[in-house]
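The values are calculated or read from the model by the stated rules, or taken from the named source; none is laboratory data. Because the structure is predicted, anything quoted here is derived from the model rather than measured. Cβ coordinates were reconstructed from backbone atoms using ideal geometry, including for glycine residues, and neighbour counts include every protein chain displayed. The protein model used for the area step is the full one, side chains on, heavy atoms only, and it has no ligands, DNA or RNA in it. Shrake-Rupley method; radii C 1.70, N 1.55, O 1.52, S 1.80 Å.
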Amino acid sequence: KPATAEDTVARIDIRVGRILEASPHPDAESLYVEKIDVGEPEPRVVCSGLVKAIPDPAKLLGPCIVICNLKPVNMRGVKSHAMVLCATDDTKAVVELVMPPEGAAPGDRVVCDGFEGEPDAQLNPKKKVWEKIQPDFSTSADGVATWKDSPMKTDKGVCTAPTVRGGTLS
């Protein structure tokens, strides 16, 4: 089913995060289990399939961008409460965390000009909202994270991929 006018990036709760801890998943060798500060009283537990792309979990620690309103899902016995946004180059060889602008704090909302509105409290997986919106995320020729070519930003500046240019975000 094609995306409708209501299926815009404004429905996605995208926030600045800070990965506080990252360790291998006890029952899945391709997954990490992270604790991420997204500006809430407690850090969120998140599972990410980044082991092959980023073999050293210590390299995950620090700032990131987090999709916060996906329905929590069990991943091999660990409930994941968000998703870390990554940039991937066209060869799929390089996968890296999308970075918030300098000075952004955990919990800061990430928005795109021209797509204002309050995000859904939780995206309904049956409606495939994320699946309709995700293909329009990309990185520009200068590494800026965008949705439909509108830069993803906080009040401190734009979000970027360290090295991926013209790549996809997921």
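Here the chain exposes an accessible surface that is 52 percent carbon and sulfur, computed with a 1.4 Å probe and the other protein chains kept in place. Taking label positions 7 Å along the Cα-Cβ direction at both Ser150 and Ser170, the computed distance is 2.4 nm, reported to one decimal. Here the gap between Lys126 and Ala141, fully extended at 0.36 nm per residue and compared with their Cα-Cα distance, gives a gain of 2.0 nm. The listed residues Asp113, Asp90 rank as Asp90, Asp113 when sorted by accessible area, largest first, using a 1.4 Å probe. When you filter the trypsin sites (Lys or Arg not before Pro) in the range 93-136 for DSSP loop state and at most 16 other Cβ atoms inside 10 Å of their Cβ, you are left with Lys128.
Listed values for the range 54-65 are Karplus-derived 3J(HN,Hα) couplings in whole Hz (6.51 cos²θ - 1.76 cosθ + 1.60, θ = phi - 60°), namely 10, x, 9, x, 4, 6, 7, 5, x, x, 7, 10, and x replaces Gly and Pro. Per residue, the chain exposes 52 Å² of solvent-accessible protein surface, assessed with a 1.4 angstrom probe and all protein chains in place. Entry note, the chain: the mean residue ellipticity at 222 nm calculated from DSSP H runs of n ≥ 4, each adding -39500 (n - 2.57), is -500 deg cm²/dmol after division by the residues and rounding to the nearest 500. If you sort Asp108, Asp149 by accessible surface, 1.4 Å probe, largest first, the order is Asp149, Asp108.
Look at (i) 15.7, 57; (ii) 18.8, 59; (iii) 15.0, 42: the one that is Rg and Dmax of the Cα atoms in Å derived from this structure is (iii). Karplus-derived 3J(HN,Hα) values for the range 71-85, using 6.51 cos²θ - 1.76 cosθ + 1.60 with θ = phi - 60°, are 5, x, 9, 6, 10, 6, x, 10, 7, 9, 10, 4, 9, 7, 7 Hz; glycine and proline are entered as x.
Here Lys52 and Arg109 are evaluated by their C-beta separation; at R0 = 30 Å the FRET efficiency comes out at 0.45.
Glu21 contributes about 100 Å² of solvent-accessible surface, heavy atoms of the protein only, 1.4 Å probe.
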